[in-house]
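For reference, the structure is listed below as structure tokens.
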Amino acid sequence: MEGQGCSVDLLDDWYARELQTSAQSIRDYERATYYAGHWSEDYEPWVQMLAQLNSGPGKELVAWNSAAIYDMIYTQPIVYELGNLSVPTVLMIGDKDTTAIGKDFSPPAVRALLGHYPELGKSAARRIPHARLIEFPDFGHAPQIQDPVAFHKALLQALKGIAH
């Protein structure tokens, strides 16, 4: 890493990796991260949507935008700014989410510390004034896809609480 931003080499590496994205690589990643090791054919439309973005016209722009997003997440952490939020905030997380940008190239000792969402969610909620944390204990990164009924019920209930 150079200074405050991402090194050009790392950004180029992310871009090159994104250009290799396929339906199978998306499916494998989502199975492990989004769906906590479980798979249902109900998730396949989401895989195909991403696969088409990553293989169709404009795939270079999609890959570059993904790489730039990784750079932003990796080099510009916002955790120190969460206390500045003044709007009603509801955090909805899957406790089995293991997402962490850069985890795949982190040393094993560091990798073991990343992507622990039960702890991360509670920490973020403590930092945000008057935040409400809703956890889905059995879900990964995408509880809205794993169980849309439960997710929407929790979301609507939270929104009612904010409105009053």
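The values are calculated or read from the model by the stated rules, or taken from the named source; none is laboratory data. Everything quoted here is computed from the prediction, not taken from an experiment. For neighbour counting, all protein chains shown are included, and Cβ atoms are generated from backbone atoms with ideal geometry for every residue, glycine included. Side chains are part of the model used for accessible areas, which takes the heavy atoms of the whole protein and leaves out ligands, DNA and RNA. Shrake-Rupley method; radii C 1.70, N 1.55, O 1.52, S 1.80 Å.
Taking springs between alpha-carbon atoms closer than 10 angstrom, which of Y80, Y15, Y117 fluctuates most in the Gaussian network model of the chain?
Sorting by GNM fluctuation, first place goes to Y80.
With each run of n ≥ 4 DSSP H residues scored as -39500 (n - 2.57), what mean residue ellipticity at 222 nm is computed for the chain after dividing by its residue count and rounding to the nearest 500 deg cm²/dmol?
-15000 deg cm²/dmol
Rounded, prolate or oblate: which fits the range 75-164 when a ≥ b ≥ c are the square roots of the eigenvalues of the alpha-carbon gyration tensor, with rounded for a/c under 1.5 and prolate only if a/b beats b/c?
In terms of gyration-tensor shape, oblate.
With a cut-off of 8 Å between alpha carbons and a minimum separation of six or more residues, what is the relative contact order of the chain in percent?
26 percent
Need the full-extension length gain, E119 to E81, defined as separation in residues times 0.36 nm minus the C-alpha distance. One decimal, nm.
Value of the extension gain: 11.9 nm.
Before I look further, what does the chain give for accessible area per residue, probe 1.4 Å, in whole square angstrom?
63 Å²
Residue by residue through the range 122-137, which ³J(HN,Hα) values in whole Hz follow from phi under the Karplus form 6.51 cos²θ - 1.76 cosθ + 1.60 (θ = phi - 60°), with glycine and proline marked x?
Calculated HN-Hα couplings, in order: 5, 5, 4, 4, 5, 7, 8, x, 6, 6, 10, 9, 10, 10, 10, x Hz.
Scan around I134 for amide H atoms under 5 Å from its own, H built in the peptide plane at 1.01 Å from N, and keep only partners 5 or more places away or cross-chain.
So I134 has HN proximity to L91, M92, I93.
Along the charge dipole of the range 1-158, Cβ charges K/R +1 and D/E -1, which of P45, G94, T75 sits furthest on the positive end?
G94
Can you compute the modelled spin-label distance between Q144 and I101, with each label point 7 Å from Cα toward Cβ, in nm?
Spacing of the two 7 Å Cα→Cβ label points: 1.9 nm.
From the phi of every residue in the range 88-93, what ³J(HN,Hα) in whole Hz does the Karplus formula 6.51 cos²θ - 1.76 cosθ + 1.60 yield, where θ is phi - 60° and glycine or proline is x?
Residue by residue, the range 88-93 yields x, 10, 10, 9, 10, 10 Hz.
Among (1) 1, 9, 17, 22, 22, 16, 8, 4, 1, 0; (2) 1, 8, 13, 16, 19, 18, 14, 8, 2, 0; (3) 1, 7, 12, 12, 7, 4, 4, 6, 7, 8, 8, 6, 4, 4, 3, 3, 2, 1, 0, 0, 0, only one was calculated for this model; which label is it, if the read-out is P(r) over Cα pairs in 5 Å bins from 0, in percent?
This structure yields the entry labelled (2).
What number comes out for the charge environment of Y15, summing +1 per Lys or Arg and -1 per Asp or Glu over other residues with Cβ under 12 Å away?
Here the charged neighbours net out to -4.
Would you kindly derive the ³J(HN,Hα) couplings of the range 56-72 from the backbone phi angles with the Karplus curve 6.51 cos²θ - 1.76 cosθ + 1.60 (θ = phi - 60°), listing them in order in whole Hz, with x for Gly and Pro?
Residue by residue, the range 56-72 yields x, x, x, 4, 5, 5, 4, 4, 5, 5, 4, 4, 5, 5, 4, 4, 4 Hz.
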